[in-house]
Amino acid sequence: MLRALPGGRVEEQEEVEPDKLAYLMALEKKALWLSTWMIHQANHLRPSRDGLKVGGHQASSASVATLMTALYLDVMRPQDRVAVKPHAAPLFHALQYLLGHQSRDKLERFRALGGAQAYPSRSKDGDIVDFSTGSVGLGVGVTLFASLVQDYLRLKRLVPNDTPPGRMIALAGDAELDEGNIFEALLEGWKHDVRNLWWIVDYNRQSLDAVVSDRLFGRIDALFEMFGWRVVTLKYGRLLQAAFARPDGEQLREWIDACPNSLYSALVYKGGEGWREHLRRDLNRYPGVRAILDEHDDATLGRLMTNLAGHDMGSVLDAFHAVTDDQPTCFIAYTIKGYGLPFAGHKDNHAGLMNPQQMATFQESMGVSAGLEWDRFAGLDLPPDELEAFLAETPLVKKAARRHRPPPIPAPPAIAAPRGRRLSTQEAFGRILGSLATSDNALAGRLVTTSPDVTVSTNLGAWVNRRGLFDRAERADIFREEKVVSAQRWGMSPQGQHIELGIAESNLFLLLASLGLAGPLFGARLLPIGTLYDPFIKRGLDALNYALYQDARFILVATPSGITLAPEGGAHQSVLEPLIGIAQPGLVGFEPAYTDELAVLLRWALEEIQREDGESVYFRLSTRPVEQPERDIDAALEEAIVGGAYWLREPSPGAELAIAYCGAVALEALAAYEALREDVPGAGLLAITSPDRLHAEWRAALARGEPSRAERLLSVLRPGAALVTVCDSHPATLSWLGSAGPVNLAPLGVDHFGQSGDIPDLYRVYGIDAEAIIDAAARASLRSAGFVRQ
Ligand SMILES: Cc1ncc(C[n+]2csc(CCOP(=O)(O)OP(=O)(O)O)c2C)c(N)n1
Ligand SMILES: [Mg+2]
């Protein structure tokens, strides 16, 4: 057997012990059977109540059966972590079942409520899943950042570094490599010199719709090598290699090498007869090839011609075991989509399901008697007790628990608001982090910041100057050494606590996902804070969703935001992001107006992201300097700030009018309030720190049949009172308040693209200045009084 060496060289290596090979091949057969059966019974035997096809991917599972069996039942060690390509979930569940980590009940409820999930899910399938997958490309990318996080922890000795590091492994579909996030990640990984990373590409040359371009992978391996990766290509299995070694065997190899992907796939589907016809047509002049054809009947010829290395357990094991260093390695494993199933190679097989007749034939060929479909060893040629003993010795069975549960890091009892009469929330954020950087609080040591090239412009400068940038190696700040004056000190070292990324928001969220899973994945909590400009959340939105879907915990600071960043113009102005704060599961959104609110909320957030049932936290901040209130925040006000709203100016009971604002438009709201107070003496001014929290609590309280916070706040007003809501974002952020109390609502906000200008001009044009608030209040008051006739 060939063994891969650094630099892509290979050497002869001893073959895998025959016993082990036999066990693994038997268990591979069983995993294929179970995955196929799991999908079949969910679609054909479980009664359907809604007429929907249940689905499941028999072909995608079959394609990785050898690779995954080798990994899970032999190669993986407990510290290794894997992202399994989404459509191999059934095979993954089957292997976990063989390992004793998944129940039959859950398999029987595959894709049903509470059963094994359609795509591997950390939060729903539990301990067995290291990384959720589903949105192709993201699971692959996250392993790269997890590897970076592992280095971060080991180099800082936050986790023991006298044991071997885990390998971060992605089992990728070949079409996943069409996703741009993969290449963004590769580039970033190269910059950070990531190690201990395996990407195993299930190169079945099929995506969902079609057979993929022949020329693509000729480029892909060169690309990986360019980024410093080792590429190990697993192309031909042992049968084919033996055939190539025969007289004229080279002709056969050349023929297959030149065979277009589409033709190869079509012939896989057609079987022996199809192969024979084409080989006769093209290679009949070679006596050696004619001999091969004569010696094989259609069935064995089909087996020979589909003997790709990705389905050859011996070749796969050799290749995996040969890599013993930490160089990132990409295995390109040639496979066949649907291998071993009747629709193998057919271009339409992605969502294809075997029909009951095909299944019955398959069941017979697998030797599984009726009634023994879920049996772990039925139909295998080896004695069950031997297989059981083999499984009991696999590294993953011996150390089953894959998740760590480190204790929370206590947050400081209070975080002081920065001093200053006129401050923006962004400035305050920078100063708070700057002072945390100088504190010796244990929590500060666990903070890790990251930003996609907007570290300075989001105000992380003070923090980075004190805590430094993270790098595997010490790197001096050349500008500083050369005595060039700069406010930024950018020395890099393993002690650094800021991870600087290039401009790629998808990478930011994948890194936050990995940092936010440091506790469960590696055993040491990190408290990640990522910063970016608010509008560019959308650029990485799927990766953010991905991070949150797997319950990664982090703080996201998005600044500047809204049209309030005025001269920067429409391309940098965010409109709908607060609605993401409301609607995105796993994320609590805040938009404080004042710096003392931010101080309270940041402290709360540091605890929230560590709570068992907590969530990640999103702060929408602004660069607008705002006159700060002089006040002490007592416990009641703190609770209200965290809860999402409080009366900045309390209305008198039965008041006719109130203004509710969120964020930097506090100034306009206050000015309008002062102006209106003369006419409406009892009016109120409601500060909303979190439309998200307020909205969520409102719905939860409704469901419990209790008054919500929003309702309690608004109940001070006269029924039918006028309420103007105003925010520098889409008006829907707050307009729902019209349902939380008996008010006549006038929702102000921004509902089209911004443009350059200064704040007075833009607020006027978009209708969120004091005058617009006063006008809206007048109209709503008229409506309240019933003066408006249709
Ligand atoms: C971001 C995203 N876009 C689209 C899909 C729908 N989709 C599911 S699988 C698939 C193709 C997968 O092909 P490949 O990665 O080669 O997997 P395999 O051939 O092993 O099934 C597509 C487009 C998805 N899951 N995620
Ligand atoms: Mg594919």
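The values are calculated or read from the model by the stated rules, or taken from the named source; none is laboratory data. A quick note: this is a predicted structure, and the numbers were derived from the prediction, not measured. Backbone-built Cβ (ideal geometry, glycine too); neighbour counts: all protein chains shown.
Contact map, the stretch 661-680: first residue in contact (Cβ under 8 Å) with a residue 40 or more places away in the chain and charged (D, E, K, R), second residue surrounded by 15 or more Cβ atoms within 10 Å (Cβ to Cβ) and outside any helix (DSSP H, G or I), Cβ cut-off under 6 Å, separation 6 or more or different chains; pairs are E668/D769. Applying the criterion of being away from ligand 2 (no atom under 12 Å from the Cβ) and of a type in the set (V, I, T) to the residues of the stretch 45-70, the residue that is farthest from the chain's Cα centre (by Cα) is T66.
Is it the case that V368 is β-branched (V, I, T) and under 30 Å from M226 (Cβ atoms)? Here the answer is no, as V368 does not meet what is asked. On the stretch given as the stretch 75-89, residues that are surrounded by 24 or more Cβ atoms within 10 Å (Cβ to Cβ) and assigned to a loop (DSSP other than H, G, I, E, B) total 1.
Checked against the criterion of being away from ligand 1 (no atom under 16 Å from the Cβ) and over 21 Å from L99 (Cα atoms), the stretch 122-143 has no qualifying residue. Go through the stretch 684-694 and give me each residue that's under 29 Å from the mean Cα position of the chain (by Cα) and outside any loop (DSSP other than H, G, I, E, B). Once the filter is applied, which keeps residues that are under 29 Å from the mean Cα position of the chain (by Cα) and outside any loop (DSSP other than H, G, I, E, B), the stretch 684-694 yields P691, D692, R693, L694.
Scanning the stretch 606-640 for residues that are under 19 Å from E577 (Cα atoms) and not in a loop (DSSP other than H, G, I, E, B) yields S616, V617, Y618, F619, R620. For the stretch 132-182, filtering for residues that are assigned to a helix (DSSP H, G or I) and within 16 Å of ligand 2 (Cβ to nearest atom) leaves 8.
Any residue that is in a loop (DSSP other than H, G, I, E, B), crowded, with 18+ Cβ neighbours inside 10 Å, under 34 Å from the mean Cα position of the chain (by Cα) and on the phi > 0 side of the Ramachandran plot - is there at least one of those in the stretch 641-653? The answer is yes, given that some residue of the stretch 641-653 is in a loop (DSSP other than H, G, I, E, B), crowded, with 18+ Cβ neighbours inside 10 Å, under 34 Å from the mean Cα position of the chain (by Cα) and on the phi > 0 side of the Ramachandran plot. If you go through the stretch 110-131 and pick out every residue that is without any contact (Cβ under 8 Å) to a residue 60 or more places away in the chain and away from ligand 2 (no atom under 16 Å from the Cβ), you end up with 9. In the stretch 488-575, counting only helices (runs of 4 or more DSSP H) that sit wholly within it, the ones holding 1 or more residues that are in contact with a Phe, Trp or Tyr (Cβ under 7 Å, 6 or more places away or on another chain) span 505-515, 541-549.
Whenever a residue of the stretch 52-72 is at positive phi and in contact (Cβ under 8 Å) with a residue 24 or more places away in the chain, its partners that are away from ligand 2 (no atom under 15 Å from the Cβ) and among the charged types (D, E, K, R), lying with C-beta atoms within less than 8 angstrom and at least six residues away or across chains, give the pairs G55/R111; G56/R111. Going by what's in this entry, would I503 be described as at pLDDT 90 or above and either touching a strand residue (DSSP E or B) at 6+ places or on another chain (Cβ under 7 Å) or not hydroxyl-bearing (S, T, Y) (or both)? Yes.
Determine whether R402 is at pLDDT below 95 and of a type outside the set (A, V, I, L, M). When the stated conditions are applied, R402 passes them. Somewhere in the stretch 200-216, is a residue surrounded by 18 or more Cβ atoms within 10 Å (Cβ to Cβ), within 16 Å of ligand 1 (Cβ to nearest atom) and among the charged types (D, E, K, R)? So far as the stretch 200-216 goes, yes, one or more of its residues are surrounded by 18 or more Cβ atoms within 10 Å (Cβ to Cβ), within 16 Å of ligand 1 (Cβ to nearest atom) and among the charged types (D, E, K, R).
Filtered by the rule that a residue be polar (S, T, N, Q) and closer than 21 Å to Q79 by Cα, the stretch 149-192 gives Q150, N161, T163.
One residue stands out in the stretch 667-683 among those that are within 43 Å of the chain's Cα centre (by Cα) and over 17 Å from P747 (Cβ atoms): the one that is surrounded by the fewest Cβ atoms within 10 Å (Cβ to Cβ), namely L667. The one condition from (1) within 29 Å of E627 (Cβ to Cβ); (2) outside any strand (DSSP E or B) that E386 does not meet is (1). Of all residues in the stretch 29-74, those satisfying the criterion of being more than 13 Å from ligand 1 (Cβ to nearest atom), surrounded by fewer than 23 Cβ atoms within 10 Å (Cβ to Cβ) and either part of a loop (DSSP other than H, G, I, E, B) or polar (S, T, N, Q) (or both) are Q41, N43, R46, P47, S48, R49, D50, G51, L52, K53, V54. The single condition among (1) within 14 Å of T335 (Cα to Cα); (2) within 16 Å of ligand 1 (Cβ to nearest atom); (3) small (G, A, S) that G237 does not meet is (2). Pairs linking a residue in the stretch 180-209 that is more than 22 Å from G502 (Cα to Cα) to a residue that is within 14 Å of ligand 2 (Cβ to nearest atom) and polar (S, T, N, Q), with Cβ atoms under 7 Å and 6 or more positions apart or on different chains, are D202/S63; D202/T335; Y203/T335; N204/S63; N204/T335; R205/N261; R205/S265; Q206/S265.
When the stretch 186-232 is filtered for residues that are under 22 Å from A62 (Cα atoms), away from ligand 2 (no atom under 16 Å from the Cβ) and over 23 Å from the mean Cα position of the chain (by Cα), only V232 remains.
Among the residues making up the stretch 437-454, those that are crowded, with 21+ Cβ neighbours inside 10 Å and either in a helix (DSSP H, G or I) or of a type in the set (S, T, Y) (or both) are T449, T450, S451.
Among the residues of the stretch 206-232, those identified as part of a loop (DSSP other than H, G, I, E, B) and over 19 Å from F183 (Cα atoms) are L208, D209, A210, D214. Checking A185, A146, A172 one by one, the residue that is among the small types (G, A, S) and within 11 Å of ligand 1 (Cβ to nearest atom) is A172 and no other.
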